[in-house]
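To start, the structure under review is shown below, and the notes come after it.
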Amino acid sequence: MNNINVVLFHKSFAYQCKDPIDFIYKNTIVKMCIIDDRLNIVLIGKNESTLKNQFYKIYDLLFLMLGAYPRVISLHYNESEEDMNKWARKYFTSNHFAHAEAIICDITSANINSKSLDDMDNVNKRSISSIAYIVSEYYEHVVVDHRIELASHTIDGFFMHTKFYKILLKEKRSKFPKCKDTTFFENVERLFKIFFKYHQKYDCEILEHLEINEKDFCNIIAETRNDFSHILENKSKRLVFGKDMLYFIYLIFYAERLFILIEILELEINENMIQEYLYIMHDWIDKIVNNRDDRIKSNYYIKSKS
């Protein structure tokens, strides 16, 4: 039998449930447990390449749940230690995204199991890889114009490989039989549906402080993507300043994670953390855009001021 033994670190692990996770996935024994602020993962099975593929699937799932790839403390294949210098740069997420408050789902047996790993096959792998590079250390110094263009394209990448895209197209064709496809604006609007739901539920006021509504918000993303990618003439709503492009990247990434984790994977979410992170985004964006720090909503910024 072959085995993989991994020890990972993320800031949220210290506050996670310590109950062990133990299940069998496609003839592979999977064991996970959190000790202090370390997550230990053990995979045992016959085929080494299969074990590696299954580990990367779990690692991608953790990336979506936490908002960052946990840092690898050690990784052994059959007692032989892996050389992390050979790993793709996408696995080294920027510290700006590795916040404990960014988690959407807790690490529990209800969220990491055979079903959730099977359902990960419904999430476009190239899009996971693309957004992982965009939020990686490697891309921190890449011009933000390029990063927002790439981030906008991942919206199509995630959405158009799901049943929800087919449903949207079918609904559109019922009204307009000759239409051939959805528009990028429509895809953005649909993917952001869950984000807008929680934005309204918790009275986040991000859009209000930007002085836009949901339609304007989606138009900004659509026109920014269309201008950078297709050099279209209508530039009235596209993003111009780098500071605005930066926080839009954060919002796109977070909305994509909500869409995948809730609608595609149907995992149990931590609403308290969703509320707190949206409040953090509110406070950060209000400071950037309006130079205001007197409308703070998040515990994170309240503590930083005290």
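Picking from Ile104, Gln54, Asn291, whose Cα lies most toward the positive end of the charge dipole for the chain (charges on Cβ: Lys, Arg +1; Asp, Glu -1)?
The residue sitting most towards the positive pole is Gln54.
Run lengths n ≥ 4 of DSSP H only: what is the helix-derived mean residue ellipticity at 222 nm for the chain, with -39500 (n - 2.57) per run over all residues, to the nearest 500?
Helices in the chain give a 222 nm mean residue ellipticity of -15000 deg cm²/dmol.
Please give the residues of segment 1-33, grouped as numeric ranges, whose backbone N is less than 19 Å from a label point set 7 Å along the Cα-to-Cβ vector of Val42.
Correct set: 1-9, 18-33.
Let me see the pair-distance distribution of segment 123-306: every alpha carbon pair, 5 Å bin width, integer percents in order.
Per 5 Å bin, starting at 0, the Cα pair percentages come out as 1, 7, 15, 19, 20, 18, 11, 5, 2, 1, 0, 0.
Tell me, what is the FRET efficiency for Ala110 and Val240 to the nearest 0.05, using R0 = 45 angstrom and their Cβ-Cβ distance as r? Let's see the in-between values first.
Details: r = 44 Å, r/R0 = 0.97.
About 0.55, to the nearest 0.05.
Rounded if a/c is under 1.5, else prolate if a/b is larger than b/c, else oblate: which is segment 76-133, with a ≥ b ≥ c the root eigenvalues of its Cα gyration tensor?
Values: a/c = 1.43, a/b = 1.18, b/c = 1.21.
Taking the square roots of the gyration eigenvalues as a ≥ b ≥ c, segment 76-133 is rounded.
So for the pair Lys303, Asn85, with labels modelled 7 Å out along Cα→Cβ, what separation do we get in nm?
3.7
So for segment 1-98, averaging the separation of alpha carbon pairs under 8 Å that are six or more residues apart and normalising by length, what relative contact order in percent results? Don't skip to the end; give the middle numbers.
Values: 162 pairs, mean separation 31.8, N = 98.
Computed value for segment 1-98: 32 percent relative contact order.
When the Kirkwood radius is taken over all Cα pairs of segment 185-231, what Stokes-Einstein diffusion coefficient follows at 25 °C and 0.890 mPa s, in µm²/s? Present the calculation step by step, with values, prior to reporting the outcome.
Values: Rh = 11.3 Å.
Once the numbers are plugged in, D ends up at 217 µm²/s.
Please state the relative contact order of segment 81-137 as a whole percent: Cα pairs under 8 Å, 6+ residues apart? Let's see the in-between values first.
Values: 24 pairs, mean separation 41.4, N = 57.
Taking the mean separation of contacting Cα pairs over the length of segment 81-137, I get 73 percent.
Just to confirm my numbers, what's the Cα centroid distance between segment 236-258 and segment 81-105 in Å?
Cα centroid to Cα centroid, the span is 21 Å.
Residue separation times 0.36 nm, minus the C-alpha to C-alpha distance between Asn2 and Asp203: what's the value? All intermediate terms of the calculation are to be shown ahead of the outcome.
Numbers: separation 201, 0.36 × 201 = 72.36 nm, distance 5.07 nm.
Additional length available on full extension: 67.3 nm.
Need one number: nm distance between label points at His141 and Glu211, each 7 Å from Cα along Cα→Cβ, rounded to one decimal.
Roughly 3.7 nm, to one decimal.
When Lys and Arg each count +1 and Asp and Glu each count -1, what net charge do the other residues less than 9 Å away from Glu189, Cβ to Cβ, add up to? List each step's numbers first, then the result.
On the way: positive: Arg190, Lys193, Lys215; negative: Glu186, Glu214.
For residues surrounding Glu189, the net value is +1.
Given a cut-off of under 8 Å on Cα pairs at least six residues apart, what relative contact order in percent is computed for the chain?
Working: 440 pairs, mean separation 52.3, N = 306.
Reported as a whole number, the value is 17 percent.
Where a number appears in this text, it was derived from the coordinates with a stated rule and is not lab data. Keep in mind that this is a model prediction, so the values were computed, not measured. Note: ideal-geometry Cβ built from the backbone for every residue, glycine included; neighbour counts use all protein chains shown.
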